[in-house]
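**Student:** Sharing a structure here in structure tokens format.
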């Protein structure tokens, strides 16, 4: 299944560095360098170096840049990329690989106004922040009270 990662500027800064995006690509992730443009969009004009794909309203969208180096000129709010995707057998595999490559913790909550810095989506599913824990571990409590009750039961 295709798992898509989306980065959030939580707390006023990007959690992934340029090297992290490059490492994801080196590991086989398709990185959305510089964001996307759509040929038919009245808001997002085609970059001068690109041509209309001719699909009109059915335009699937195109990366603004094909490489990290090209993305330097079209950074989105300062970052080289905001999304990446790759096929995995399970969500757990995707989350574990992402953590291994970037050194980030997929369950980080980020700041309370901006939300989690890392989100993952796939057909029929989504997780970010602490919601990711249920895909990494079995028998994960859904809230703090449930966690305390589980601890108390195991201590008894």
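**Student:** Of the residues that make up the range 54-65, is at least one under 25 Å from residue 128 (Cβ atoms) and at pLDDT 85 or above?
**Tutor:** For the range 54-65, residues under 25 Å from residue 128 (Cβ atoms) and at pLDDT 85 or above: absent.
**Student:** Here's a follow-up. Looking at the range 142-156 only, could you name the residues that are surrounded by 10 or more Cβ atoms within 10 Å (Cβ to Cβ) and in a helix (DSSP H, G or I)?
**Tutor:** 146, 147, 148, 149, 150, 151
The values are calculated or read from the model by the stated rules, or taken from the named source; none is laboratory data. In this text the structure is predicted, and so the values were computed from the model without any measurement. Glycine also receives a Cβ, built like all others from the backbone with ideal geometry; neighbour counts cover every protein chain displayed.
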